[in-house]
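K.L.:
Quick one: this structure, given as structure tokens, is what I'll be asking you about.
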């Protein structure tokens, strides 16, 4: 019986140590979860702020563009600038190829073009470069 007491004390100490370790692990996991939730909340807030800023900038640029277009002088400038660009149909007539071929040239990058209001336009300079083989 005298030997049972040291074994019991040893078992009790081992059990207490295991419980303390389990408690420490649980606290560490809870702390890690809380930190992860804080990081997630911070990231969501940052993303929401970015969206708000982007939306604000888009609205601002939309207003600016609307103001520019509503100004008759700017419309005149825009028309003059577009006069220096050819439509795909114009390019196909000049090159004596189909519009499908011109779209193929644009897609492949052989002819540089820009899309204006849903219509592809080729500048005079880019058409000259293509025709000169540059």
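Throughout, read-outs are computed from the coordinates displayed, never taken from laboratory work. These numbers were taken from a predicted model, which means no experiment stands behind them. As a convention, Cβ positions derive from the backbone with ideal geometry for all residues, glycine included, and neighbour counts pool all protein chains shown.
K.L.:
With the cut-off at 1.5 for a/c, could you classify the stretch 85-131 from its C-alpha gyration tensor as rounded, prolate or oblate?
P.N.:
Note, shape of the stretch 85-131 comes out rounded.
K.L.:
Using 0.36 nm per residue of separation minus the Cα-Cα distance, give me the extension gain between residue 110 and residue 96 in nm, one decimal.
P.N.:
Details: separation 14, 0.36 × 14 = 5.04 nm, distance 1.61 nm.
Value of the extension gain: 3.4 nm.
K.L.:
Let me ask another. At 7 Å along Cα-to-Cβ for each site, give me the label-to-label distance between residue 28 and residue 128 in nm.
P.N.:
Reported label-point gap for residue 28 and residue 128 is 7.3 nm.
K.L.:
How far, in nm, would the chain grow between residue 117 and residue 15 when pulled straight, counting 0.36 nm per residue and subtracting the alpha carbon separation?
P.N.:
The span from residue 117 to residue 15 would gain 29.1 nm if fully extended.
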